[in-house]
Amino acid sequence: MLLACAVLGCTATACTGDAGVAGTPGAAGVRDPYFPKLGNGGYDVTHYDLRLAVDRKAEQLTGTATITARATQDLSAFHLDLVGLDVTGATVEGRPAAVNRAGGELVLRPDAEVADRLRRGRTFETVVRYSGAPRTLTDADGSHEGWLRTADGAVALGEPAGGPAWFPGNHHPSDKATYTVAVTVPEGLTAVSNGELVARRATEGASGDPARTTYTWRTSEPMASYLATVAIGRFVTKESRTDEGLAVLTAVDPEVAAEAEPELARIPQILDWEAERFGPYPFRSAGAIVDRAEDSEYALETQSRPYYPGPPTTGLLVHEMAHQWFGDSVTPATWRDMWLNEGFATYAEWLWSEDHEDTPARESFEEAYADDANWAFPPAEPPTAADVSQPPVYGRGAMVVHRLRLAVDDDERFFALLRGWTRAHRHGNASTADFTAYAEKATGLDLSRLWSVWLYGDERPADPAKPDLPAH
């Protein structure tokens with residue numbers, strides 16, 4: 001309690017509620033094994049309403065975040081994750097709240113009257129007004145995230161910890177919420193985000209200021225904050241629908257639009273194929289955002305609208321769209337469970353090659369098995385935060401899935417297992433333990449031996465053809 005008071009910059013009396021305030025401060029961080037400072041305790045966000053405005057070069061951001069949350073304990077104060085931006089004011093339930101900063105933590109302390117109402121189970125609304133130059137952050141592995149400047153604007157990418165660079169929130173994948181994102185940009189620029197475009201409103205500039213356009217996007221299905229994005233720039237947009245009526249929207253930098261078009265045209269085909277393998281597509285729309293190759297170092301499975309630096313290949317489209325099931329709809333409980341994202345998305349690439357390129361998954365497995373990089377550490381136990389996106393999580397993670405397929409020894413049952421898994425945890429969170437329990441119940445198999453070798457083992461098996469389960 002004294003530590004919490006020190007962070008808040010308040011007296012022990014105020015923090016403990018001796019001045020008539022019920023409740024205690026929510027925790028800073030949720031003790032993720034790799035990112036312990038991400039996320040916050042004491043509440044669960046249900047909806048973010050983000051109102052953003054940027055300048056011509058998307059270098060300055062002004063924002064108002066309205067956060068609807070449910071208290072999971074009696075609260076006297078609570079934390080939000082926010083990096084770098086200046087807070088100009090905040091309210092809780094419409095009344096001014098005291099605001100303190102401690103590194104990447106924003107601490108809000110409602111007045112006594114409001115705090116007395118923030119009991120467990122109560123839904124409450126917080127408004128934070130902020131502005132400044134959003135930061136580009138450097139991950140533990142040296143890659144960049146947060147607010148990335150592009151040739152004609154910016155893009156916000158959040159995996160694993162970039163979300164706090166552009167909006168305050170509970171930035172851990174375990175706290176998913178719905179979103180409304182309205183972005184006002186100067187005339188000539190477009191703002192693209194997740195979900196569906198629900199409004200586009202142009203306004204004339206005043207006193208010589210340029211005209212501006214506000215794009216409002218809505219994500220109605222729960223989304224982890226690391227999957228939220230805003231891309232600002234000059235885009236060629238195209239809308240279409242799949243045979244099943246699913247809306248597909250692509251936004252492509254005009255310099256690469258012609259090159260990207262043939263592959264992007266395959267999105268409906270890929271989605272239909274993945275729906276057959278993994279179950280119904282989990283969101284109301286799909287698509288892609290394509291910038292220039294130099295605008296980012298990596299592609300990312302931003303929910304419903306993956307981001308690509310340069311025209312994507314078919315394999316990359318298959319991978320990022322498979323994440324809509326594995327990672328976006330079924331989201332990891334902690335960052336230790338990252339292999340459930342990347343292993344399944346990589347295996348989707350192997351399945352596509354098997355079905356469309358006459359390359360059996362066995363050959364992809366053998367290639368991954370021979371790659372020393374995949375044996376640096378067990379995929380379910382990355383040594384550090386810098387390792388959660390390294391080759392074993394992808395390649396060896398996919399090997400785990402293939403060994404499970406061999407153990408099931410019946411493709412109809414195996415793919416039924418995959419579809420059942422995405423259905424059981426649709427729009428939720430799941431851990432490795434959850435998947436283990438589900439797979440063992442669905443198959444009737446004891447997977448401990450398979451897991452000990454392929455998911456948790458330190459050594460590469462000498463004989464990859466050796467069965468992982470005793471003969472029936």
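The values are calculated or read from the model by the stated rules, or taken from the named source; none is laboratory data. Fair warning: this is a prediction, and the values are worked out from it, not measured in the lab. Methodologically, a virtual Cβ is constructed for each residue, glycine included, from the backbone with ideal geometry; neighbour enumeration extends over all protein chains shown. Accessible surface areas use protein heavy atoms only, side chains included; no ligands, DNA or RNA. Shrake-Rupley method; radii C 1.70, N 1.55, O 1.52, S 1.80 Å.
Percent of C-alpha pairs per 10 Å bin in the stretch 224-273, short distances first: 21, 44, 34, 1. In summary, the stretch 298-374 shows an alpha-carbon radius of gyration equal to 1.14 times the 2.2 N^0.38 Å reference for compact globular proteins.
Between Ala247 and Arg200, the modelled labels are 1.2 nm apart [label points 7 Å from Cα along Cα→Cβ]. In this simple spin-label model, placing a label point 7 Å from the Cα along the Cα-to-Cβ direction at both Arg101 and Glu459 gives a separation of 5.3 nm. Once you divide the Cα radius of gyration of the stretch 23-165 by 2.2 N^0.38 Å, the number left is 1.08.
If the label point is 7 Å along Cα→Cβ of Tyr369, which residues in the stretch 424-464 have backbone nitrogen under 13 Å from it? Of the residues in the stretch 424-464, 454, 460-464 have backbone N under 13 Å from the label point off Tyr369.
Translational D (Stokes-Einstein, µm²/s) of the stretch 409-472 at 20 °C and 1.002 mPa s when Rh comes from the Kirkwood sum over C-alpha pairs? In µm²/s, the coefficient rounds to 161.
Around Ile67, with a cut-off of 10 angstrom between Cβ atoms, what is the net charge of the other residues, counting Lys and Arg +1 and Asp and Glu -1? Counting the neighbours of Ile67, the net charge comes to -2. Applying 1/(1 + (r/R0)^6) with R0 = 45 Å to the Cβ-Cβ distance of Thr136 and Tyr438 gives a FRET efficiency near 0.70. Between Ala386 and Thr313, the FRET efficiency from the beta-carbon distance, with R0 = 22 Å, is close to 0.25. May I ask you to list the residues of the stretch 442-465 whose amide nitrogen lies under 18 Å from a point 7 Å from Cα along the Cα→beta-carbon direction of Arg423? Counting backbone N atoms under 18 Å from the label point, the list is 442-444. Rolling a 1.4 Å probe over the protein heavy atoms gives the stretch 140-256 an accessible area of 35 Å² per residue.
Taking 10 °C and 1.306 mPa s as conditions, the stretch 113-167 diffuses translationally at an estimated 116 µm²/s according to Stokes-Einstein applied to its Kirkwood radius (Cα pairs). With all protein chains kept in place, the per residue accessible area of the stretch 363-472 amounts to 48 square angstrom at a probe of 1.4 angstrom.
Identify which of the listed values of Kirkwood radius over Cα pairs in Å was calculated from the structure shown: [x] 23.4; [y] 25.9; [z] 21.8. Entry [x]. Applying 1/(1 + (r/R0)^6) with R0 = 45 Å to the Cβ-Cβ distance of Arg413 and Ala293 gives a FRET efficiency near 0.60.
Remark: the Glu113-His144 segment gains 6.9 nm on full extension, using 0.36 nm per residue and subtracting the alpha carbon distance. Dividing the summed helix terms, -39500 (n - 2.57) for each DSSP H run of n ≥ 4, by the number of residues in the chain produces a 222 nm estimate of -7000 deg cm²/dmol to the nearest 500. Starting from the amide H of Phe326, placed 1.01 Å from N in the peptide plane, find each other amide H under 5 Å away whose residue is 5 or more places distant or on another chain. Those qualifying (amide H under 5 Å, at least 5 residues apart or on another chain) number zero. How many percent of the accessible area of the chain is carbon or sulfur, using a 1.4 Å probe? The value for the chain is 48 percent carbon and sulfur by accessible area.
Considering only Cα atoms, the convex hull volume of the stretch 330-437 works out to 101 Å³ per residue. The slack between Asp55 and Leu406, meaning 0.36 nm per residue of separation minus the straight C-alpha distance, is 120.9 nm. Beyond 26 Å, how much of the Cα-Cα pair distribution for the stretch 90-242 remains, as a whole percent? Of all Cα-Cα distances in the stretch 90-242, 38 percent exceed 26 Å.
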